Structure formats: C-alpha cells, structure tokens
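Okay, structure first, notes after.
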2 protein chains.
Amino acid sequence: MSTRLSQLFVRTLREDPVDAEVASHRLLVRAGYIRRQAPGVFAWLPLGLKVRRKVEAIIREELDAFGAQEVLFPALLPKDPYEITNRWTEYGDGIFRLKDRKGADYLLAPTHEEVFTLLVKDLYSSYKDLPLSIYQIQDKYRDEARPRAGLLRGREFSMNDSYSFDYTDAGLALSYEQHRAAYERIFTRLGLEYVIVQADAGAMGGSKSEEFLHPTPIGEDTFVRSAGGYAANVEAFTTAAPAPMGFDSLPPAEVLETPDAPTIESLVALANSAHPRPDGREWTAADTLKNVVLALVSPDGTRELVVVGLPGDRDVDPKRAEVAFAPAEVEAATEADFAKNPLLVKGYIGPWVETGALLGEDSATGIRYLLDPRISDGTEWITGANIEGKHVFGLVAGRDFASDGVAEIANVTAGDEAPDGSGPVELARGMEIGHVFQLGRKYAEALGLKVLDENGKLVTVTMGSYGIGVTRVMAVIAEANHDEKGLIWPRNVAPFDVHVIAAGREESIFEVAQSLVESLESTGFDVLFDDRPKVSPGVKFGDAELLGVPLIVIVGRDAAAGMVELWDRASGERTSIPIADVAAALA
Amino acid sequence: MSTRLSQLFVRTLREDPVDAEVASHRLLVRAGYIRRQAPGVFAWLPLGLKVRRKVEAIIREELDAFGAQEVLFPALLPKDPYEITNRWTEYGDGIFRLKDRKGADYLLAPTHEEVFTLLVKDLYSSYKDLPLSIYQIQDKYRDEARPRAGLLRGREFSMNDSYSFDYTDAGLALSYEQHRAAYERIFTRLGLEYVIVQADAGAMGGSKSEEFLHPTPIGEDTFVRSAGGYAANVEAFTTAAPAPMGFDSLPPAEVLETPDAPTIESLVALANSAHPRPDGREWTAADTLKNVVLALVSPDGTRELVVVGLPGDRDVDPKRAEVAFAPAEVEAATEADFAKNPLLVKGYIGPWVETGALLGEDSATGIRYLLDPRISDGTEWITGANIEGKHVFGLVAGRDFASDGVAEIANVTAGDEAPDGSGPVELARGMEIGHVFQLGRKYAEALGLKVLDENGKLVTVTMGSYGIGVTRVMAVIAEANHDEKGLIWPRNVAPFDVHVIAAGREESIFEVAQSLVESLESTGFDVLFDDRPKVSPGVKFGDAELLGVPLIVIVGRDAAAGMVELWDRASGERTSIPIADVAAALA
C-alpha cells in the first residue's frame, strides 16, 4: 500500500497546542494524529488511527495466542449490575451517569467486571466450560476531575480489558500467569520498557495484583524497588513492623511542660533543651508520635473522623491514604470537626490522658484510632497530652495506649527497608500501562456466578481481571520515542514502514520517487510518499521528522545517478545507497 | 485458523428469547451471536463479533478504494457544535444527554456532521485540499422511544458515517456518485438485495437524497416504485399536481343542508341522496375536501395549529406528516384546541364562509392552511360550511379559497401516478440499510467552513453525508438468509469458512476430523471444528444449522473408507466425497 502525503488528511502544526503539558500530547497534536474535542476527549485522524490499530492488533494477537476470546460490550450500561456490587455508589463523581427517556439510570462504563460476570453466568454452568478467558478492546469513560496530558489521562479512552473465569484457585493462578506472560510479550513487542510492581488489591476486593509500570519522570505513579528484586507501587508498599517488645522494665510515662510546641519541629527542639534524653542521645522527630485527624467521606456522604498515629518524621502520603481508605475520600479535618470534638486539643493530640484512653472506638472521644506499623508494642513515644502546652514522654504502645487497627499511610522514603528483606528501596516514577489482578470470588459471589464441579456441587467461580490502556499506551510509546523535532515510532507500530520524500523541483526526481514507491509497495511495504510538488525539501524533512516514520528515503539530486539517501529517523544518520538496494536496506 | 467448538465461548438456546419479534433477533440470540444488556443495547459474543468485523472490513475496503480516509470520533461530544446548528434542540427526546462533573452538557452523538465539519475547518483552508472524503465506523446512540427487533432498531448501534467536502456543486455531485457507487458494491458483496429510492432531504436541510432499502415485509419503511423505474421512499413521493384550470364558466358555490353528515362517508351518502350531481355521476369521497386540524409542537415546546385540506378519499399519512413538518412533532388537535378556536365547527370545517376566508394566516381564524397538491386552481369541492349540518357545494379552489402553501402528507396508494410520468406505482416495504445525501452548505455555513478558491476568494464548502448501519445490516443479512432451523450466512460474512463435524463415538472419527481440520487450516480456511466428545450427531447437526456456517463437512462412519459428507447449509444437499477432495470442493 502507499499513501500520498498530498492526499492524506493531515496538517502539521508549527506551534505547540496551548494546553499540552507533555511531549506525547504536544507531538501527537502537532503531527496531526489526534485533535481535541473536549477536555480529555479526542478525535483520531488517519495517522493516529493507524498507529492505534497496530497497538490493538498486537494485543489481540497475544491474547488470542493463549486462547482468550474477543467479545464486545457496549459503553452504555444499565445501573442494576453496578448497584448489586455497590460500585454505582462507590464510583462517586468519577463516572458519567445518564438517564434514558423513561428515567432509567445508565452509566458509561469505566470497566466491565459486572457484565462479564453476568454474561458467563448466562452462558455457562459447568466446570467443563472453564477455564475461560474473554476480552474486549473497547472505548471507556471516566469523568476525571483533571483530565490532562492528552491521551495519558483522558475521559474517553480505549482499553483492552480481559477477564478470566476458573473454579479453583490453582486455575485462577494459571489464568493470571497466562495474562501476565501475554502482557510481557505485548509490551516487549511494543518496545516499551516496563517494571512489574506489586499493586494494592484492596479497592477491587481481590487478592494478588500487579501493575506494569513504564518508568518515566512524568509518571503519575511512584514505585519503589530494591536491589534484591522487590518492586511495588508505593500504595502497595508494606512497612516491616518491628517485633513487639516487652515493656516491664520501662519507666512510667510522665506529662511534661512543652509550651509553644504545637509542631514536631518545635517539640523536638524544646524536648532536647528542656527534657534531654537520659541516655544522652538527641531526641529526633522519629521519637515523637504524631496524631493526624482525618475525615473520611463515604460515597453515600457520611463523614467519619479518624485519627492516625505515625512517627513524627513521617507524613501522611495522600495516595497511600486514598487507597487505604477507599472508597471513602480522605479530607483534612476542619475547624468544624474540631469544634464538635473539644477533647481534641490541636497541636497536643495524643491517645492518652490520665483518666484513660482518649482515642479509639472505646475511648472518651469514640474516634477510631489507627497506627502506623512502626508503633509496635513496647515502643516508647513523646506525644500530645491533650492539654495545651503539655506532652507526655515515655508513653509505651501496648501498655499505655492501644489502637483499633493498622494504617499504612505514611510516606515511603528512599532507604526504607523492603518488606521481603531484600534491602533498602529506591523511589522512581512510572506510568501505569497494564494491570493484572486476581479478583477472586467477589464479583461471582455478588452476582451469583456458580458452576457445578466434578462432584456435582455448586461452587462459586473465581475471576481475574486484566487491563491495558490502549490509547494511553500509544501516548507512552510516543513519550518514550521522540526528540525535540518530533515522533520516532518503533517499527511495529509506525503508521507506515517507510516515508519516501521527493526532494527537489525536477520532474525526474518525482518520477524516480514514484517508481521507487511502486516497487516498495509491490514488495509489501506500506509507504508514505511525500509527493507535494511545491513544497521545499526543508519543509518536507521537517514534516518527516515530526511525523516520525522510522525510516525515510530521500530521493533528491543524485536520483539521476541511481542513488538515494536512507535516513534513520532515530539516529539521524543518512546513508547514500543505490535505489536498487532500498528494499533490502529496509528489510 | 481453526476454532474448537468445545472451547468457543458460545451456548446455543433451544427456546426463542421472549422479547424477539423478528427472525434475526431470535436466531442471533439463540445461536449465541449477541446477548441483550438493556433495551436496544447488546453485547457481542465471539461469533457475532466475527461477522460484524467482516461487514466492517467490506465497507472499509470499498470506501478506501476510492480514496476515502478513515478517522474516528468519540461518542461523547460537547453540546456546543450541536447548539450552533440547532440540532441540540431539534433532537428532542431522541438522544442521550448527560452532564459532566462540572455541569457541562454533552450528548452521545447519533451522527457527526457538526464535528466532521469543524475538524475539516481546523485542518484545511484551500480548494487544493479538496475534494476530501473522510469516514468512520463508530458506535452511535439514539434514545429510541421503542427499541425493538434486536439489532434492527437498537439504541446503541455501529454506523459507518462518511462525509464529503467539496467547493463546487459539481464536485459534490461527483463525491456523492463515488459514495453511491461504493455503497452499491458494498451491498452487492454483502449479498443484500437493495432498491435505491429517492428520500426526503428536508430534515437534514440538503438537496438530493437517496436511500438504499432492502425490500422485506418486516421493513419499517414504505416505498413506491413504478414499472417505468421511479422509486421513492413514501415520505419523498411527490404528487403530480393537476394543471390549474380556468373557473369562469363554473357556477357559484352554494351552501346546502347536510344534517348528520360529519364524516366523509355520511356526507357522500347524503349528497348523493339529497343533492345529486347535475351530470348524473355519483358523488365520491374524492369530490369532497377534508380539512384536518393538526397541532405542531416545536422542539422548543411551542404549539401551533395548522389545517390541511386534502381530498376526502385520502388520509393523513403519519410518516409523511412527520417528515413534512420536522423538526416539529405532529399531534391531532385536542378538545382544548377546538375550545380555543370556536369558529372551527367540528365535522363541518371548511376554508370559506359567506363573509370571506375562515382558514389561512390572513383569515378570521388566523390558522395556517395548507393544501394537498390535488386541490389545484379550478377544482371544485364539497366541503364544510363551518355551520353545524351544512356543507358548501361547488367551492372552487383559487376562486373561493386559497392556501398558505402545499402539504404533501396524504397517504399514497397503489395506482397513484409516479411524478415523473413513468406510470402507476406499487407499494412495498423495505428496511433502510444505507443513505446518501447531498447536504449542501447548511453545516459549512452554520459552522463557518470556508476555503480559498482558485481566485483567492473565500467560498463556503459543500458537503455530503453518507451512512450505513453496520449492525443493522448484519441483522438484515440474517433476515434475508435463514430458515426455520437457523442462520445461513453468505460466505463473505460467515463467521467461518467451513464447519467440520466429528459425528460418531469412535476415536478414529475424531482423528480423521482433526487431520482434515489441520489440512484445511493449512490451505487457508478458517475452520470451526465441532470436536465435542460426548455430544450426539443429531445435536451437532442442529447446532450447525443454527450457527449457519454455509458449508459443513460431516466426518462420520465412512471416514475409515476415506469418505465424508459435504453439506450445503442453504440447499440442505449432502454429497459424499473423498476426504482428499474437500479443500477443492470448498474453494
């Protein structure tokens, strides 16, 4: 096949679009691949659609290869299935909702677990029908609060979502492994560097979960990895809790004067000057217990206060908190919250007062109290005494105070120990490009998907769910493959195999170029031919660099002598070769 | 390629789905091609998706062949462009509307004229860029009042919509012709009988418009055709108006007593008995002028009364009225409407009273008055005298009454003359499968799409819009190709080339079948292999008939002797042939 640039529906732009923050957005718009229709909503021009279809084809091939089967669901789905699993409510503002003319509720689905579950329930009833892996490549919708970065975080996007159905845990593990391996092959074929990290499985109610992250400074996700091989999304990082220690030999806690010390910094300074440690070591922020008051707002609107205690050298990581408390949203406590809880003395909050517990569900305030894993039994702390200007020193966890549970919401820092003992971690940024997930039986249970097993007994099916953001992946490829002049597509997804430029004014150059294009076409190459008659070579070269076909052939002055230039877009290298050798050089 | 039926995600059903009115719906569900998700909204199972993709591929090939280029728009679009063309309002309840989290208005687009126009405006600015034909194959939405008949009238459906852009009328005519010819090739390749009929162009504001109808008794459209070659959608049929005649020699009208004659039937009977025609011929309903009071409700909610006069032997055709008055909705006048207009005497309404005009914008009532084209100047009528129990006889059009315009809303009957003089028409029913449309400059004007012409002058672009209902076409193919046992796909769109059945219990039969499948696969056939071990031949044959792969190979008892049966699904004919000849017989 060949396409004449003079006929192609495209227009390259010299200026960056005003709203473009990242290279992929800037270049995909400038090179005429996509055009904005609304915030986070794009139209696909011929070049963009060609690349998108190639990404989709690679995904299809690798999923089909292990026996997954393609189906297609509508974007518009009724509320009912999502009501049963409570996701209708949990999604909050994050989805598009609408009513039909009869007033029935619908959503534009952001993911399809419920209806895939129901479809399998509709068709299958026996263990003999399983395992089953079915998938779709389909346009999805999320009403993002801040759609941004072009295709990287859109409100409409193409996803490949895949679902596996098994009736044993071992079966699920195998289906999961098949998808995971297929994803590895897909990203390898797409030429995309990736790291597989442990991900938080909580929100979807499942067990094992891993993300494929593409390491990039513009990534929205932070992940940690150790030299010993541990890798996790920062939301999934777990803190190694110190073993509980005895506290029989520890002295009793004492309340000391700490005027004007409502912050950790001022408290540490004051403690070192007014109440130095008996052992001579300096107090540090890590010796203090900071109690942060948070408000959790459930999707149904109810608001609950919770206090989280963590070492004073740590902060609450908003993303870890979001995941830990999902589907509730996490807000800072307001003045109104404090006004309703006069026992909480701002800047001096602690779990203990002389008359007993102040924090915790059974305490004087009744406020749920959660602790960072580092606050293990037998550890000693300086913390607020719930009296203006006073802190309690030597307060011992497990002796003087207790909690209602653990909260993994402290920020992770480079050098923290990996929970598997593989050494200290470093932090890096990545963009999620894929997700594999052992959902388990949550959806099958909620929606009644059971099959008869070998013994004629009804058993609940166990599921996996797997996703690749197709349009996002395309943008990530563009991020990873560009320079200041434009895009540089990997060959597997390039819109064309080769870009032939007729560079010059002479009729003969166009004739040679035309015949080269025809010969390449007949050899099976998909050729873009810049045949524009009155456009200067310089403009053509600039457009070629912007469009990003990886191999360019310049038919110019030497064409008469049977020579053309082969231009490698990535390296910039230009080599003069005989026309007869072009096809071989491209292959 | 080959697919084992034991692995395929499908389940055939013996029972018809309760809501299925038509064969395509019944069979596509029973054979496991589609599954209902909501009224008019379906999920696509692997078999259904395969057929759909084949239909899409044929459309793509024929559009690409003449240089049309594929793009892709989102379904979710902002209100603004549709507001400019007033379609946001005109669509009424017929579309899905929604708001995002910021309260901005969106729609799920039923068609994309506006955004295609804006995209071309964004990219192009010169006549040199034209002609341009761009298209998409995309999921569309309409909030149908009565979604029905499965894929034939869904609320979500896949469409191929295509748009042409030219700067001269001659250019538009050529682009139109290219699309029309491509559509002919597409429907021919799909094996679908079609009639190209003139269609009403009014609602879309354009000029020339034709529909591709597939003749079928379950069609939603009525069309007319003459032996001489005229063909039109009934909404587009135009009545040949008789030439105006002089009326100098005609006697004056006279008001006569017609007690208890509020209907045409009673009036004709009474006229013949009490006021026989002077020339001895009997009065018929065609001699009477019936005046029908309609209420037109605009999309903005305003309600206007209009009276339409038509010969008494005709009725208002609701579909013709709908098209004639679009985008207003047509309702019968209510008692309240009559109460507000006491001059209208029900059963005795006419355009004339002794004091002057009663109907018409400048009349006593001020009500707009429109006439059927048959009421031409010089024709004489019996019509209501606007007095209970009285009619006026010999009322002459053009002499005694006039109108505000013509209304083509009378029903068309077999035997009516085609407007092009090609003889009487017959009526038939058809299902719209395609539409080609010269939109003209309406959208380009509204949205400011202009280009510089050869003389450097800005000219407004002229557009065509073209559509094929992809999912509907698939259902129409199923309607046209089935019997009581199941589907019978044409080879071009069949989900598989051949369906091989291992029919028997012996291991050897399965081995022969397996090796046949492998050899067919290596020859390039896409094979469905019914390898189910414990399913009886009878059940397998029934499933094969239901699934509808056109060619079936039965590997049974004679397999050991090297013979199999080739079963033609359409004719039912079974031929015994040597295994070695199967590939040749299929080709």
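The values are calculated or read from the model by the stated rules, or taken from the named source; none is laboratory data. If you're wondering where the values come from, they're calculated on a predicted model, not measured in any experiment. Neighbour counts are summed over all protein chains in view; Cβ atoms, including those assigned to glycine, are modelled from backbone coordinates with ideal geometry.
One line per residue, one yes/no per condition, for (1) of a type in the set (Asp, Glu); (2) within 30 Å of A:Gln7 (Cα to Cα); (3) in the same structural domain as B:Ile84 (by TED's automatic domain parsing); (4) part of a helix (DSSP H, G or I):
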{"position": "B:Val120", "(1), (2), (3), (4)": "no, yes, yes, yes"}
{"position": "B:Phe165", "(1), (2), (3), (4)": "no, yes, yes, no"}
{"position": "B:Glu184", "(1), (2), (3), (4)": "yes, yes, yes, yes"}
{"position": "B:Phe212", "(1), (2), (3), (4)": "no, yes, yes, no"}
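Taking region B:438-516 and the strands (runs of 3 or more DSSP E) fully enclosed by it, the elements with 1 or more residues that are touching a residue at least 24 places away in the same chain (Cβ under 8 Å), of a type in the set (Gly, Ala, Ser) and not assigned by TED's automatic domain parsing to the domain that holds B:Asp122 are at B:498-502. I'd like to know if region B:144-156 contains one or more residues that are surrounded by 19 or more Cβ atoms within 10 Å (Cβ to Cβ) and within 23 Å of B:Ala65 (Cα to Cα). No, every residue in region B:144-156 fails to be surrounded by 19 or more Cβ atoms within 10 Å (Cβ to Cβ) and within 23 Å of B:Ala65 (Cα to Cα).
When region B:552-586 is limited to residues that are under 30 Å from B:Ser24 (Cα atoms) and in contact (Cβ under 8 Å) with a residue 60 or more places away in the chain, the one that is surrounded by the fewest Cβ atoms within 10 Å (Cβ to Cβ) turns out to be B:Ala570.
Within region A:335-345, does at least one residue satisfy the condition of being hydrophobic (A, V, I, L, M, F, W, C) and under 30 Å from A:Glu417 (Cβ atoms)?
no
The set of residues in region A:323-344 that are of a type in the set (Asp, Glu) and in contact (Cβ under 8 Å) with a residue 60 or more places away in the chain contains only A:Glu329. Annotation note: of B:Ile95, B:Ile84, the sole residue that is farther than 14 Å from B:Ser162 by Cα, buried (at least 17 other Cβ atoms within 10 Å of the Cβ), more than 8 Å from every other protein chain (Cβ to nearest Cβ) and under 28 Å from the mean Cα position of the chain (by Cα) is B:Ile95. Of the numbered criteria (1) closer than 30 Å to A:Pro17 by Cβ; (2) hydrophobic (A, V, I, L, M, F, W, C); (3) outside any strand (DSSP E or B), the one A:Val115 fails is (1).
Regarding region B:124-131, can at least one residue be identified that is in a strand (DSSP E or B) and farther than 26 Å from A:Ala109 by Cα? Yes, region B:124-131 contains at least one residue that is in a strand (DSSP E or B) and farther than 26 Å from A:Ala109 by Cα. Return a yes/no flag: does region B:407-426 have any residue that is more than 17 Å from B:Ala240 (Cβ to Cβ) and either in contact with a Lys or Arg (Cβ under 7 Å, 6 or more places away or on another chain) or of a type in the set (Val, Ile, Thr) (or both). Scanning region B:407-426, I find no residue that is more than 17 Å from B:Ala240 (Cβ to Cβ) and either in contact with a Lys or Arg (Cβ under 7 Å, 6 or more places away or on another chain) or of a type in the set (Val, Ile, Thr) (or both), so the answer is no.
Determine if region B:110-117 includes at least one residue that is assigned by TED's automatic domain parsing to the domain that holds B:Arg472, more than 23 Å from B:Lys442 (Cα to Cα), of a type outside the set (D, E, K, R) and crowded, with 21+ Cβ neighbours inside 10 Å.
No, that holds for no residue.
Just one of the listed residues (B:Glu70, B:Glu21) is more than 16 Å from B:Phe157 (Cβ to Cβ) and in contact with a Phe, Trp or Tyr (Cβ under 8 Å, 6 or more places away or on another chain), namely B:Glu70. Restricting B:Leu305, B:Leu270 to residues that are within 22 Å of B:Asp372 (Cα to Cα) and crowded, with 18+ Cβ neighbours inside 10 Å narrows the list to B:Leu305.
Go through region A:409-428 and count every residue that is more than 30 Å from A:Val293 (Cβ to Cβ) and not small (Gly, Ala, Ser).
The number of residues fulfilling the criteria is 3.
Only one of A:Arg4, A:Arg11 is more than 27 Å from A:Gly219 (Cβ to Cβ), touching a Gly at 6+ places or on another chain (Cβ under 8 Å), in contact (Cβ under 8 Å) with a residue 12 or more places away in the chain and within 10 Å of chain B (Cβ to nearest Cβ); which? The unique qualifying residue is A:Arg11.
Among the residues of region B:518-568, those identified as more than 24 Å from B:Tyr33 (Cα to Cα) and part of a strand (DSSP E or B) are B:Val555, B:Met563, B:Val564, B:Glu565, B:Leu566.
I want to confirm something. Restricting to region A:19-42 and keeping residues that are β-branched (Val, Ile, Thr) and within 21 Å of A:Gly219 (Cα to Cα), which single residue is farthest from the other protein chains (Cβ to nearest Cβ)? Ranking the candidates gives A:Val22 first.
Could you please find all residues in region A:43-79 being under 27 Å from B:Arg101 (Cβ atoms) and facing chain B (nearest Cβ under 7 Å)? Once the filter is applied, which keeps residues that are under 27 Å from B:Arg101 (Cβ atoms) and facing chain B (nearest Cβ under 7 Å), region A:43-79 yields A:Ala43, A:Trp44, A:Phe73, A:Pro74, A:Ala75, A:Leu76, A:Leu77, A:Pro78.
Residue pairs whose Cβ atoms lie under 6 Å apart, sitting 6 or more positions apart in sequence or on different chains, and linking a residue in region A:88-103 that is within 10 Å of B:Arg101 (Cα to Cα) and in contact (Cβ under 8 Å) with a residue 40 or more places away in the chain to a partner that is among the aliphatic types (A, V, I, L, M) and surrounded by 17 or more Cβ atoms within 10 Å (Cβ to Cβ), are A:Ile95/A:Leu107; A:Phe96/A:Leu108; A:Phe96/B:Leu98. Looking across region A:283-302 at every residue that is of a type outside the set (Gly, Ala, Ser) and part of a loop (DSSP other than H, G, I, E, B), the one that is surrounded by the fewest Cβ atoms within 10 Å (Cβ to Cβ) is identified as A:Thr302. Within this structure, B:Ile58 fails the test of being under 20 Å from A:Leu77 (Cβ atoms), surrounded by 17 or more Cβ atoms within 10 Å (Cβ to Cβ) and either in contact (Cβ under 8 Å) with a residue 40 or more places away in the chain or touching a Ser or Thr at 6+ places or on another chain (Cβ under 9 Å) (or both).
Might you let me know whether region A:319-340 holds any residue that is at pLDDT 90 or above, outside any loop (DSSP other than H, G, I, E, B), out of contact with any His (no Cβ under 6 Å at 6 or more places or on another chain) and among the hydroxyl-bearing types (Ser, Thr, Tyr)? No: zero hits.
Of the numbered criteria (1) touching a residue at least 40 places away in the same chain (Cβ under 8 Å); (2) out of contact with any Pro (no Cβ under 6 Å at 6 or more places or on another chain), the one B:Ala241 fails is (2).
From the set of residues in region A:110-128 that are touching a residue at least 24 places away in the same chain (Cβ under 8 Å) and facing chain B (nearest Cβ under 10 Å), which is farthest from A:Val461 (Cα to Cα)? Once the filter is applied, the top-ranked residue is A:His112.
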